[in-house]
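Q: This is the structure I want to talk about, given as structure tokens.
The values are calculated or read from the model by the stated rules, or taken from the named source; none is laboratory data. In this text, all values refer to a predicted model and were calculated from it rather than measured experimentally. Because the Cβ atoms are built from the backbone with ideal geometry, glycine has one as well, and the counts that use them run over all protein chains shown. Side chains included, ligands, DNA and RNA excluded: accessible areas come from the protein's heavy atoms. Shrake-Rupley method; radii C 1.70, N 1.55, O 1.52, S 1.80 Å.
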Amino acid sequence: MRVSYTEHNTHFERSKTLFEEIRASIHNNEEDRSFWRPVLPWGGVFTIKAGRKAVSCTPLYVKINLKNTCTIDGFLMILYVILRENQGFSRELAFFLGKQFVEYFLYLMDSCDYTTVKMLWIWDRMSKRQYRSVIHQAALEIDLFGNEHQNFTENLENLMFTMQESLCTNWSCPARFQEFIKTTINISPPHELPHRDPIQSAVDEFFCPKLRLCSEIGCDGLREFSQRVFCHGPPPFVILNMQQWNSEDLSYVPYYLALCQHRYFLEGATLFNKEEHHYSAAFQIDSCWMHYDGLRNDNLILLHKPPEFLLLSSLVYIRASDK
Ligand SMILES: [Zn+2]
């Protein structure tokens, strides 16, 4: 679906991008540790400026109300910081999401056009079945209530595309050779805890070759799985789905991760509060940790120390440049 965006922040020329402003606030404001104004607030209202022609055709709605956007907000924030901190990652991401999308995303975030950037994600990346929409009088309501792994991570196309081949030792196996394709990295806690580094172990388990009993009906052979590989090379960043992990398994979150022979380091995380069904995020800028929660008034806060990762939903690691 092609969309023309008519809403722009043209009321004044900004001298700095959002990223430059946040970065400056980290280094200037010793006293006040929250950013001076809301960044990417929860929800949003997108107004469609209907022209004469559209009015005569009686448009169905002129306003779009966004609800429960926390399933994408934290990740949009993390994505923005990653792309602005790492020159060259935009070009790599454009290979998967399109150059136009990446450039427009950065332009909208730079100019604090928060509702439009959410609309860009919804219309350009999400499928209709991933959100609920209803029309109330002249307004369309889009509700993103749900799971951030579905609303965000699964819409990154083939960024984290991996493949693992397997071969059954039994010659009469009905499906001897198989290919297992995944587009996300969903890791489960190792069976035996405590481990020295359970997250690294779980990642190794996801990628490493293994031998399993064949699960084909009527086959009692052994199935050999090859090393899992990234089909499009090691991505600029990876998102680990940590949904299956309990807080007691998360006493140690590694800052470095060896992943498919490449080094990645921790950039951010998304956090999930089950009672409120609400997501928030934490990320680093210039090695300082910040917490973002679109529902709060002071929604971007500089932290004194790395956050607690007890209510973890995802971990985000970026590729180290010195491979
Ligand atoms: Zn078999």
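Q: In this structure, is Gln87 of a type outside the set (Lys, Arg) and at positive phi?
A: no
Q: If you check Glu141 against the conditions, is it over 21 Å from the mean Cα position of the chain (by Cα), outside any helix (DSSP H, G or I) and away from the ligand (no atom under 16 Å from the Cβ)?
A: For Glu141, the condition - over 21 Å from the mean Cα position of the chain (by Cα), outside any helix (DSSP H, G or I) and away from the ligand (no atom under 16 Å from the Cβ) - is met.
Q: Out of curiosity, is Ala258 touching a Ser or Thr at 6+ places or on another chain (Cβ under 8 Å) and of a type in the set (Gly, Ala, Ser)?
A: no
Q: Strands (runs of 3 or more DSSP E) wholly in the stretch 213-265 with at least 3 residues that are more than 15 Å from the ligand (Cβ to nearest atom) - which ones?
A: Counting at least 3 such residues, we get 237-241, 256-259.
Q: Filter the stretch 174-196 for residues that are farther than 24 Å from Val238 by Cα and either assigned to a loop (DSSP other than H, G, I, E, B) or more than 16 Å from the ligand (Cβ to nearest atom) (or both) and give the result.
A: Pro174, Ala175, Arg176, Glu192, Leu193, Pro194, listed by residue number.
Q: Of all helices (runs of 4 or more DSSP H) completely enclosed by the stretch 40-110, which ones contain at least 1 residues that are at pLDDT 95 or above, open to solvent by 20 Å² or more (accessible area, probe 1.4 Å) and under 20 Å from Thr270 (Cα atoms)?
A: Ranges flagged: 70-85.
Q: If I filter the stretch 117-129 for residues that are outside any helix (DSSP H, G or I), more than 19 Å from the chain's Cα centre (by Cα) and either at pLDDT 95 or above or on the phi < 0 side of the Ramachandran plot (or both), do I get at least one hit?
A: no
Q: A further question follows. Test of understanding: among Arg228, Arg263, which residue is farther than 30 Å from Glu308 by Cα and surrounded by 13 or more Cβ atoms within 10 Å (Cβ to Cβ)?
A: The unique qualifying residue is Arg228.
Q: Go through the stretch 287-318 and report how many residues are open to solvent by less than 50 Å² (accessible area, probe 1.4 Å) and either part of a strand (DSSP E or B) or closer than 22 Å to Phe19 by Cβ (or both).
A: Total satisfying the criteria: 20.
Q: Sticking with this structure for a sec: Of all residues being farther than 30 Å from Thr270 by Cα and open to solvent by 10 Å² or more (accessible area, probe 1.4 Å) in the stretch 144-173, which is farthest from the ligand (Cβ to nearest atom)? Just the residue, please.
A: Glu165
Q: Then there's this: Take Ile318 and decide whether it is touching a helix residue (DSSP H, G or I) at 6+ places or on another chain (Cβ under 7 Å) and within 23 Å of Lys182 (Cβ to Cβ).
A: Judged against the criteria, Ile318 is a match.
Q: Residues to consider are Arg176, Arg223; find the one that is farther than 29 Å from Phe309 by Cβ, out of contact with any Asp or Glu (no Cβ under 8 Å at 6 or more places or on another chain) and open to solvent by 30 Å² or more (accessible area, probe 1.4 Å).
A: Arg176
Q: Kindly indicate whether Ile199 is of a type in the set (A, V, I, L, M) and away from the ligand (no atom under 16 Å from the Cβ).
A: yes
Q: Within the set of pairs 6+ apart or on separate chains, which have a first residue in the stretch 206-225 that is in contact (Cβ under 8 Å) with a residue 60 or more places away in the chain and under 23 Å from Ile185 (Cα atoms), a second that is away from the ligand (no atom under 12 Å from the Cβ) and open to solvent by 70 Å² or more (accessible area, probe 1.4 Å), and C-beta atoms under 7 Å apart?
A: Taking only residues 6 or more apart or on different chains, the pairs are Phe225/Pro209.
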